[in-house]
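The values are calculated or read from the model by the stated rules, or taken from the named source; none is laboratory data. Treat the numbers as computed from the prediction; the structure is a model and nothing was measured. Note that each Cβ is placed from the backbone with ideal geometry, even for glycine, and that neighbours are counted across all protein chains shown.
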Amino acid sequence: MENKSNQNQNQNQDTISKEIEKWKSIFQKKPKLSSIKKPQKAGFLTKKGVGMFSNWKRRYFVAKGPFMYYFLSEKDDEKALGVIYLRNCTLLKNPNPSKQFEFSIDTIVSRKPGKKADSTRIYQLCSTSSLEKDSWCEIISHFARPKEDNLLDI
């Protein structure tokens, strides 16, 4: 029985290792928009930048599997500006009551190669309508931590 348990643990570790290698290669490559076939969703969102003097900028987002890619625009020949890894993220649907269409994604892994796997980043995003916000949140929630583990979800 103990031997079977060890085998299951090894298989789980192999699966996790393969997934980590997959997202690392995706972060490093930053695919072109035209290479992302059959996304679950695509459209414009406004994203808050990082840093003390960050601004809100309109970006074109594409959701495919456990990744959200963002681009400067919807032009096919552009490479992604960044990648958000959604697996085990925390989705906060109402982080700021004064911005009714805002939501945020707290990621567990970094989008930058070479950083520790346990680093985090909070992506603040804003849609143009409640319907659009709900649509993005629905897709993200498939990969987010379960609600009982998601302490930030309000």
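Regarding the stretch 98-117, can at least one residue be identified that is in contact with a strand residue (DSSP E or B) (Cβ under 7 Å, 6 or more places away or on another chain), small (Gly, Ala, Ser) and modelled with pLDDT under 85? Before the answer, list the steps.
To start, the set of residues in the stretch 98-117 that are in contact with a strand residue (DSSP E or B) (Cβ under 7 Å, 6 or more places away or on another chain) comprises 99, 101-107, 109-111.
Next, only the ones that are small (Gly, Ala, Ser) stay: 104, 110.
Next, only the ones that are modelled with pLDDT under 85 stay: 110.
Yes, the conditions are met somewhere in the stretch 98-117.
Determine, yes or no, whether SER34 is hydroxyl-bearing (Ser, Thr, Tyr), loosely packed, with under 15 Cβ neighbours inside 10 Å, at pLDDT 65 or above and not in a helix (DSSP H, G or I).
no
If we scan the stretch 52-59, do we find a residue that is over 16 Å from LYS30 (Cβ atoms), modelled with pLDDT of 90 or more and not basic (Lys, Arg)?
The first filter runs over the stretch 52-59 and keeps only residues over 16 Å from LYS30 (Cβ atoms), leaving 52-58.
Retained after the next criterion (residues that are modelled with pLDDT of 90 or more): 55-58.
Checking which are not basic (Lys, Arg) leaves us with 55-56.
Checking the stretch 52-59: at least one residue is over 16 Å from LYS30 (Cβ atoms), modelled with pLDDT of 90 or more and not basic (Lys, Arg).
If you go through the stretch 60-90, how many residues are at pLDDT 90 or above, over 15 Å from TYR123 (Cβ atoms) and assigned to a strand (DSSP E or B)?
Residues in the stretch 60-90 being at pLDDT 90 or above, over 15 Å from TYR123 (Cβ atoms) and assigned to a strand (DSSP E or B): 1 in total.
With respect to SER104, determine if the residue is farther than 22 Å from SER34 by Cβ, buried (at least 18 other Cβ atoms within 10 Å of the Cβ) and free of Cβ contacts under 8 Å to residues at least 24 places away in the same chain.
yes
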